[in-house]
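Before any comments, here is the structure.
The values are calculated or read from the model by the stated rules, or taken from the named source; none is laboratory data. Note that the coordinates shown come from a computational prediction; the quantities given were computed from them, not determined experimentally. Every residue, glycine among them, receives a Cβ derived from its backbone with ideal geometry; neighbour counts consider all protein chains shown. Calculation scope for accessible area: heavy atoms of the full protein, side chains included, ligands and nucleic acids excluded. Shrake-Rupley method; radii C 1.70, N 1.55, O 1.52, S 1.80 Å.
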Amino acid sequence: MSIVAAFGIRSISKLMLGAIAVLVVSHQPVRAAELTPQDIALLDRLTWGVNASSAAHLREVGVERWLQEQLHPASSTLPDAARKQIEAMPDVHRFAFDIAVSFDQQAKSANQVADPEQRKAAQQVYQQAMSERARQAAARTVLRALYAPDQLRERLTWFWFNHFNVHQYKSNIRVLVGDYEDRAIRANALGRFRTLLAATLHHPAMLRYLDNSDNAAGHLNENYAREIMELHTMGVGSGYTQADVEALARILTGVGIDFKSEDPKLKPELQSQLVREGAFEFNPARHDYGDKTFLGHQIKGRGLVEVDEALDILCRHPATATHLSKQLATYFVSDNPPDGLVQRMAQTFQKTDGDIAAVMATLVHAPEFAATLKGGTKFKDPMHYVTSAVRLAYDNKVILNTLPIQNWLNRLSEGLFNHETPDGYSMLSAAWNGPGQMMLRFEIARAIGSGSAGLFKPNEPNAADQPAFPLVMNGLYFSNLRQTLSPTTLAALDQAVSPQDWNTLFLSSPEFMH
């Protein structure tokens, strides 16, 4: 059956404009009557998609305890089948410095091959190895999104990576991006923003992506300084000037990357100022030691401590609190979040010195947030759509191959680590609800709803596709979800000619897109 025929042109248009954000999944019996539609919507909004396991746990512990578990997660224990896949990846426990050094050595060896054809082949092997490391990093992201119990942290990890975006195909970032997400972003996703900002600043992926490794006294590169102010902290139109950008760029001179084992040669009087932490390096010979005026503050030329002083100024600026609060509210609440909510979040940010968990607590307990759970129109971006569909279809049955999901995200124009510009992917519905996007989603819904879609065929030679079938229709649907669907959606589902067809129609419904 044609999806367009099933829902009709009017329904597709309706899908783009709004629908009920209430969905649930179940492979196992869940007493759905104990969960209100708002409870289910809460799960769907703060996780990568509600499923039987999350619904059962919420019913068991209650909303408030569940929220506290998410805001202050003790640990993140993945199912063994997911954990083993991650542990088998070669670089998962290695630091960025060691990873980059080994790949630099591989590149040098390839370039030194005398025979032109053999050299070309060796260089291709090197490029393929870097791409494979990026695919493995994306696989870790997908597995954690699907199965990590600390779902809010995973949602925020995606949010903050997008906020501090780097593009995998610049230089050697493909081999660094996994470490960047794991150690700089995920580890600080619910901590203090000041710590998160500093972690991204000290990571070689960011320094290479925004060219601060080229920023030196007498050869100023303003790229990173501008993006820190425009995107990472204060936001556009918040009152900073070009002179402030130049001052911050001067403050950041000497902050860069060094993958050499030996220290740089320095004058005796500068040697004590050298800082090396993994791949991060502050080289005092490249630093502008002149005094600076930054956002009205006088900063004496003293070396790396100037960077800490500048970050303190930025993180305590009211514009930063407002900008970040609006970004978070846009991601979790609506395309146009209420000003009152944003201001209360910003006040919490300032009172708690940028405690992200405290800001999120203000958001999730706000009446404006609760109101959107009763019929809001927060449209799922591709990452949320795909992961919620897989979580719905298979619950805690761990997939064995993430490549189909990675490919679906690429087709939907939201590939992991694949946004070229520093601004990250859009969080607004208009970026994702056009006709072309909808037709692709219908194709992906059919792939997920009709069978295992390659998700249970390990990505290795001669691997067998292990049997698995998506189960979407269940007791929870009949006792709880059916009442939330529109007459048009119910009529379309009633026309299904097989379980596969029914799954496809449900995953294509306006309600599931929100």
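Taken together, D308, D339, D291 contain a single residue that is within 30 Å of A74 (Cα to Cα) and open to solvent by 10 Å² or more (accessible area, probe 1.4 Å), which is D308. Here is the figure for region 155-171: residues that are of a type outside the set (S, T, Y) and open to solvent by 10 Å² or more (accessible area, probe 1.4 Å) total 7. The condition of being touching a Leu at 6+ places or on another chain (Cβ under 8 Å), more than 24 Å from Q151 (Cα to Cα) and without any contact (Cβ under 8 Å) to a residue 24 or more places away in the chain holds for L493.
For T320, indicate whether it is closer than 30 Å to H297 by Cα, open to solvent by less than 40 Å² (accessible area, probe 1.4 Å) and in contact (Cβ under 8 Å) with a residue 60 or more places away in the chain. Yes, satisfied. The set of residues in region 79-113 being among the hydroxyl-bearing types (S, T, Y) and under 17 Å from V177 (Cβ atoms) consists of S102 alone.
Note on region 48-66: residues that are open to solvent by 50 Å² or more (accessible area, probe 1.4 Å) and either more than 26 Å from M473 (Cβ to Cβ) or of a type in the set (D, E, K, R) (or both) amount to 5.
A Cβ distance below 8 Å, combined with a sequence gap of six or more or placement on separate chains, defines the contacts here; from region 256-277, residues that are of a type in the set (G, A, S) reach residues that are open to solvent by 40 Å² or more (accessible area, probe 1.4 Å) in the pairs G256/D214; G256/R286. Has region 120-132 got any residue that is closer than 17 Å to G415 by Cα and hydrophobic (A, V, I, L, M, F, W, C)? For region 120-132, residues closer than 17 Å to G415 by Cα and hydrophobic (A, V, I, L, M, F, W, C): present.
This table checks each residue for (1) hydrophobic (A, V, I, L, M, F, W, C); (2) under 30 Å from D395 (Cα atoms).
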site: P90; (1), (2): no, yes
site: S102; (1), (2): no, no
site: Q106; (1), (2): no, no
site: A114; (1), (2): yes, no
site: Q124; (1), (2): no, no
site: R133; (1), (2): no, yes
site: A145; (1), (2): yes, yes
site: E154; (1), (2): no, yes
site: W160; (1), (2): yes, yes
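S452 falls short of the stated requirement of being closer than 30 Å to E230 by Cα, at pLDDT 90 or above, assigned to a loop (DSSP other than H, G, I, E, B) and open to solvent by less than 60 Å² (accessible area, probe 1.4 Å). Take region 48-79 and flag every residue that is touching a Ser or Thr at 6+ places or on another chain (Cβ under 7 Å) and among the hydroxyl-bearing types (S, T, Y). Once the filter is applied, which keeps residues that are touching a Ser or Thr at 6+ places or on another chain (Cβ under 7 Å) and among the hydroxyl-bearing types (S, T, Y), region 48-79 yields only S54. Quick check on region 372-427: of everything there that is of a type in the set (K, R) and under 27 Å from H323 (Cβ atoms), which residue is most open to solvent (accessible area, probe 1.4 Å)? Across region 372-427, the extreme among qualifying residues is K378. Criterion first (modelled with pLDDT of 95 or more, part of a loop (DSSP other than H, G, I, E, B) and among the aromatic types (F, W, Y)) does Y289 satisfy it? Against the criterion (modelled with pLDDT of 95 or more, part of a loop (DSSP other than H, G, I, E, B) and among the aromatic types (F, W, Y)), Y289 qualifies. In region 182-203, the qualifying residues are those that are of a type in the set (G, A, S) and in a helix (DSSP H, G or I), and the one that is most open to solvent (accessible area, probe 1.4 Å) is A187.
In summary, helices (runs of 4 or more DSSP H) completely within region 51-151 and bearing 3 or more residues that are more than 25 Å from F259 (Cα to Cα) and touching a residue at least 12 places away in the same chain (Cβ under 8 Å) occur at 52-61, 63-71, 80-87, 116-147.
In summary, helices (runs of 4 or more DSSP H) completely within region 342-403 and bearing 1 or more residues that are farther than 19 Å from L146 by Cα occur at 356-364, 367-372. Residues of region 240-277 that are in a loop (DSSP other than H, G, I, E, B) and surrounded by 15 or more Cβ atoms within 10 Å (Cβ to Cβ): Y240, L252, T253, G254, D258, F259, P264, L274. Only a single item in (1) closer than 19 Å to K380 by Cα; (2) loosely packed, with under 15 Cβ neighbours inside 10 Å; (3) among the basic types (K, R) is not met by R482, and it is number (1).
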